[in-house]
Each structure stands twice: as structure tokens, then as C-alpha cells.
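Asker: This is the structure I have questions about; it appears just below.
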Number of protein chains: 2
Amino acid sequence: MLTTPLSAIAEPNRMRIVELLRDGPRPVGEIAGRLRLRQPQVSKHLRILRDAGLVKVHPVAQKRIYQLQAKPFKDLGSWLETFRRLWESRLDTLDEYLQDMKGEPKPR
Amino acid sequence: MLTTPLSAIAEPNRMRIVELLRDGPRPVGEIAGRLRLRQPQVSKHLRILRDAGLVKVHPVAQKRIYQLQAKPFKDLGSWLETFRRLWESRLDTLDEYLQDMKGEPKPR
DNA sequence: GTCATATATCCCTTGACAAGAATATTCTCA
DNA sequence: TGAGAATATTCTTGTCAAGGGATATATGAC
């Protein structure tokens, strides 16, 4: 129900599926075979990945070719960028915070 | 139990906590106040974030100042990099895959 | 010591979710 | 049309995790 891209990838088997699809589009059966998973579980995981917008499906005969979508990865990258100062600024802000606290009135 | 950084961030309230800490270290009470969460839940979430290596705690008197850690974000960035060709190569590999399957010439 | 503040942990209930098994659906082709 | 292949869905069950409430622990002030 609540299917955000992040929580979709957080599940270990879905992570494996995503990493497999990183190398190119694959049909369900091949995914199941390579990852040693049962077909129904793979279909269910793909359904969730699809609802999260992480993959898109292309029907070819009876096969369904699943393909990664770029957007959620771009978005995740953008979100990560907002943390860039975390590792770029050598001086962390802890000392700064502690300094601020010194000026505040003491609890009673 | 299985506490990976990704699954830790995937939880909505923990995501909010992480985004709050992005602006700087904060004690538990302030996090609870700003996010309108109850203190025990915040402590529990912080515990999980801490087990996942996302935050570090600095005791100051009775307060515990929580601070984001850079490493997991760097790691996530590195992992995300492995998907870069996804959105850099405008030509996706779907046609290529279909061609392999059918043995047909690429449609024009 | 006692009290107040700040945070952590414990117990409990409830809901979400993943796997398994069986079945349903969709498509191709003879 | 029927058969077989490829995939999707339904139902059930067990597990895990989040929230609520109460309580425990730690620190500082008096």
C-alpha cells in the first residue's frame, strides 16, 4: 500500500532484482532463474517495484520484459545531494551546537 | 534485527529524523518536539538509526546529542553511481534485448 | 540524600509484509 | 479449439516491527 521507492529497494530480494536489472532488461523467468527465486515471488516483487515506479514492463508475447526506470534513481541522487555538506565540510557542526547551548538558561 | 542503512531510512518517521539532523545535531527532546513525536518512539528510532551507523550520539549532561554520520551517505552515493549509465546513456538497452530474443533486425 | 529533567527500555497489541502453495490469466501455435 | 508456456493473483500463515503506555536509568541542582 505505502510503496515508496526507498522502502521498495530496502527489501533484500528486491534489491537483488534491481541490481540484476542494472545490467539490462530481463523477463520474469530469467530473473527467477538467476536469483534462485520462485516465479510467483518474483512477480510479486516486480509488482511492488512497478508500483514504486522503479521498473517498467514491456510485454513481448507471453513474456514480460522488466526494465529499470531512471527517474527514481535521479531523485534519490538529488536527495542525497542535500547531504553533501555532511561529508564536504571537514568541521562538523557539533562544536557549534555545544557553543550555542552554553548561552542558554540552565534548566531548573 | 537486520538493520541496514537503507531499511532504516525507509521508515517515514526515521526519514524525517534524518532530514532534521541534516541541519545539524539535535538532542532527543528537540527532535520529538519539532517532529511532534513522543519521546520513547524517538529514542527507539534513534536506536535503530544508531545501529545502522547513520547517527552517532554525544552525551552532554542528561542530554544526548545525535549527529548524522557521513559514511553511510557516502556509501549510498557510491552504490547509486553504479546506476549512472541508466540515465546517462540515452539509448536504453531494451531494443537491444528484444533484438537478441527474436533474431530480428532492429526496427527503424 | 531528594527532586526534577532527559532519555532509554520493557511489555503488549496490532498491522504490514514476505514466503509457500494453489490457481487464474494471457499469449502463441499447431 | 486445445495445449503448453510465461506470468499474475489469491489465500493462508508466520514473523517482525511500530506505536502506546508504563517504568527504569542517568544526570544535575538543591
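The numbers here are math on the coordinates, done by the rules we state, and not lab data. The model shown is predicted, which means the values in this text are computed figures rather than measured ones. Ideal geometry is used to build each Cβ from the backbone, glycine not excepted, and the neighbour counts take in all protein chains shown.
Asker: Local charge sum around A:His45 (other residues, Cβ-Cβ under 10 Å, Lys/Arg +1, Asp/Glu -1)?
Answerer: Result for the neighbourhood of A:His45: +4.
Asker: Considering only B:Leu76, B:Val28, B:Ala8, whose Cα is most displaced toward the positive end of the charge dipole of segment B:1-87, charges sitting on Cβ of Lys, Arg (+1) and Asp, Glu (-1)?
Answerer: Comparing the listed Cα positions along the dipole, B:Val28 ranks first.
Asker: What do you get for trypsin sites (Lys or Arg not before Pro) in segment A:1-38 restricted to DSSP loop and a cutoff of at most 10 other Cβ within 10 Å of the site's Cβ?
Answerer: Loop-located and lightly packed - A:Arg36, A:Arg38.
Asker: If you rank A:His58, A:His45 by fewest surrounding Cβ atoms within 10 Å, what's the result?
Answerer: A:His58, A:His45
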